[in-house]
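See structure below.
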Amino acid sequence: MDDTLFSQQLEMVCRARLAGQGPLTGLQRLSGGASMQSWRFAWGHDLLILRRMPDGLSGDDAAIGSDSLSLEGQADVIACAGEHGVSAPAVRARLHPEDHLGEGFIMDCAPGEALPQVLLRDPAFATALDRLPHQWAEQLAAIHAVPPERLPAELNDRSPAQMLRDLEHRWRALGGVSPVYALAFGWLERALPDPVEPRLCHGDFRMGNLLVTPEGLSAVLDWELAHLGDPVQDLAFGCIPSWRFGRYDQMLGGFAQPDDMLARYEALTGTKVDPARFRFWLVYSCLWWGVCCLIMADIWRRSGSDGPERLVIGRRVSEVEIDLLLMLAEDLPLPDAPMEWPETETPTDSGVPGAAALIGAVSGWIERAIATDAQGHARFEAKVAINALGIAARDAAMGAPFAARQRRRLEGIGLDGEILAAMLRRDPAAMTPAIHTHLRHLAVENCLIDQPRYAGITIARSQWCRSG
C-alpha cells in the first residue's frame, strides 16, 4: 500500500472511531519495529500512535515468539493494566478487517523518549535515570498485582520447565548448533526453579520499551510478549547484557545496578527475590534473546522481507555466546592459560578487487550518498544496510581463516562441533579447560565478524586475556 492510500485509510478510521474532526497530519513511521510497525500521527490536537501488523502478514510472520499476543490481545492487556495503576497509554481505537490496514490499534502517544542511546547520554535525563530504579520497580509491582481473572484468556501460562523445553525445541528447529547455547540449555535444566503462582508478566520490560521524560518514567510500551508466569522473569529481563546498550558494567538497563530496584520491589510486594531464581531468569533471558535472533532471520526467509534488519539481528547470536560464557564463568573449569586474542588484520587489497573491498566501497557510498541526507525511518534503514555490509565484508575477510582455526582446535580436542554440543548439553563434566578455551575463541571470533564493537567483547578480552 502506498503512503497516500495508507494515510487516507487511516484518516477514515479516525473519522469513524475517534472524537473530533481531525485533520490527520504528521504521519511518520518510527524507527525500529522489527516485529511490527509503529506510526506516529496527529489527529487534530491529539498525538497518537498506530501499532499495526501490515495487511497480509500474520503474527507468525512478524513475531519473535510463537506465544506472542495478537494485537487485539495486546490492546486488552494494555487497557486492563492501565485500570490497575500501570503507566500504559490508553487504547483509543482498534482496527477492523474492513479498514484494510492489517491488525492493530490506535493509542495515546505518551510524552518522553524511548531510545536508550539518547536516555543514557543526554544530560537532560540524568535526574530521570536517578529516579528510574524505583519507578522501574513500582511499574513491575503494579503489573504483577493485576488480578489474573481480569486478563484475556489468550494469555499464555507455562511453567519454567515448559518454557525451557519450548525454547530449546525452537532453537533446534531453527538449526541451532552453537555449543555455547547447548551448554546454557544444560545449565538451565539443572538450575530450574520451582513453579510459582503465575502473575501477569510484561515479558519485554527493558530500556527501549519505556518512555522517559526528564522527570522520570511516563509509559510502559510494547506488550506483545505479555503472559502469565514468574514475576522474577520480568525483574531479570531488563538486566541482560543486550539491554545495557554499551554500558556493560551497569547491569540494570545500562544506567544502574539492580540492587535499588530489587529492594524497592521487595518493599512494595513483601516478597523476597531469591538470588538463584534471579540468576536462572537472567541466563534464560539472555539465551532467549539469542534464539530470538535466529527467529528474526527465519522470519526474513519465510516472509520475503525486502530489508536487511532481521538478517542483521540474526547475526547477533554471537553476542549472546560472549554473554553466556561470562555469566556462567563461575561454574566452568578455567582454561590452562590466558587467551591469545585473535588477529583481525585483513590483507591489503591489490590487483582484482576482492569481496571485502567491493562491499566496503558500496557501504561507503550508501553512507555518503544516502544515509547522510535521509530522514526518519529511511535513515534508520540506511544505517542497517551499512551494518549488514560491514558484517559481510568482515566475513569475506576473516570468515575462512577463523573457520580453519576452529577446525584445528576441534581436531586437537578430538571432537566435531555437533558431538561437542551434544556432550555439553548432556553432561557438565564434559566441560574441560581445553573445551572452555575453544568456546572462548569461538565466541570471540564469531563476534569480531558480527559485532566487533559489542561492549561484551571488551569485557571478555580484559578477563580472558589477563588470567584465563
Along Cα→Cβ, 7 Å out, is where each label goes; now give me the distance between the ones at Ala430 and Ala153 in nm to one decimal. 4.4
Given the peptides 140-147, 10-17, 440-447, arrange them by the average over their residues of other C-beta atoms within 10 Å, most packed first. 440-447, 140-147, 10-17
Using mean Cβ contacts within 10 Å as the protection proxy, how do 350-360, 184-194 order, highest first? 184-194, 350-360
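Quick one: grab the alpha carbon gyration tensor of region 265-402, order the square roots of its eigenvalues as a ≥ b ≥ c, and give me rounded if a/c is under 1.5, else prolate or oblate depending on whether a/b is larger than b/c.
Here region 265-402 falls in the oblate category.
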Among the DSSP beta bridges whose two residues both lie in the chain, what percent are antiparallel, rounded to the nearest 5? 95
Which order do the peptides 423-436, 200-213 come out in when sorted by mean C-beta neighbours inside 10 angstrom, highest first? 200-213, 423-436
Residue-normalised accessible area of the chain, expressed per residue, 1.4 Å probe, Å²: 45
Where in region 143-165 does the label zone of Ala276 land, with the point 7 angstrom along Cα→C-beta and an amide N cut-off under 17 Å? 160-161
Measure nothing fancy, just the Cα-based angle from helix 259-269's long axis to the longest principal axis of the chain, in degrees from 0 to 90, nearest 10. 50
Based solely on its DSSP helices, what 222 nm [θ] is calculated for the chain when runs of n ≥ 4 H residues each add -39,500 (n - 2.57) and the sum is averaged over all residues, nearest 500 deg cm²/dmol? -16000 deg cm²/dmol
Output the relative contact order of the chain, whole-number percent, from Cα pairs under 8 angstrom with separation of 6+ residues. 15
Counting only C-alpha contacts under 8 Å and six or more residues apart, can you give the relative contact order of region 129-218 as a whole percent? 51
So the angle from the long Cα axis of helix 160-173 to the longest Cα principal axis of the chain, reported in degrees to the nearest 10, equals 70
Given charges at beta-carbon only (K, R positive; D, E negative), |dipole| of the chain in Debye: 700
Can you list the residues, at least 5 places off or on another chain, whose amide H is less than 5 Å from the amide H of Ser87, using H built in the peptide plane? Val220
Overall form of region 410-465 per C-alpha gyration tensor (a/c, 1.5; a/b vs b/c): prolate
Pop the C-beta distance of Ala42 and Arg405 into the FRET formula with R0 = 60 Å and round what comes out to the nearest 0.05. 0.60
Note on region 335-468: alpha-carbon gyration tensor, axes a ≥ b ≥ c; rule is a/c under 1.5 for rounded, else prolate if a/b larger than b/c, else oblate; result prolate
Leaving out ligands, DNA and RNA, and with a 1.4 Å probe, what % of the accessible surface on the chain is carbon or sulfur? 52
Looking at the chain, what % of the alpha carbon pairs are farther apart than 30 Å? 49
At R0 = 45 Å, how high is the FRET efficiency between Val362 and Ala16 if r is their beta carbon distance? Nearest 0.05 is fine. 0.45
In region 332-409, the GluC sites (Glu not before Pro) that fall in loop regions by DSSP, at most 14 other Cβ within 10 Å: Glu340, Glu343, Glu345
Could you tell me how many degrees, from 0 to 90 and to the nearest 10, lie between the Cα long axis of helix 317-327 and the main elongation axis, the longest principal axis, of the Cα atoms of the chain? 70
Calculate, in nm to one decimal, what Thr4 and Asp130 gain on full extension: separation in residues at 0.36 nm each, minus their alpha carbon distance. 41.0 nm
In whole Hz, with x marking every Gly and Pro, tabulate ³J(HN,Hα) for region 189-201 from phi via Karplus 6.51 cos²θ - 1.76 cosθ + 1.60, θ = phi - 60°. 4, 7, 9, 3, x, 5, x, 10, 4, x, 10, 4, 10
Expected vector for region 434-449, Karplus 3J(HN,Hα) from phi with 6.51, -1.76, 1.60 and θ = phi - 60°, integer Hz, x for Gly and Pro, equals 5, 5, 4, 4, 4, 5, 4, 4, 4, 5, 5, 4, 4, 6, 5, 7
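The values are calculated or read from the model by the stated rules, or taken from the named source; none is laboratory data. In this text, all values refer to a predicted model and were calculated from it rather than measured experimentally. Here Cβ is always computed from backbone atoms with ideal geometry, including for glycine, and neighbour counts include all displayed protein chains. Accessible surface is based on the protein model in full, side chains and every heavy atom, while ligands, DNA and RNA are left aside. Shrake-Rupley method; radii C 1.70, N 1.55, O 1.52, S 1.80 Å.
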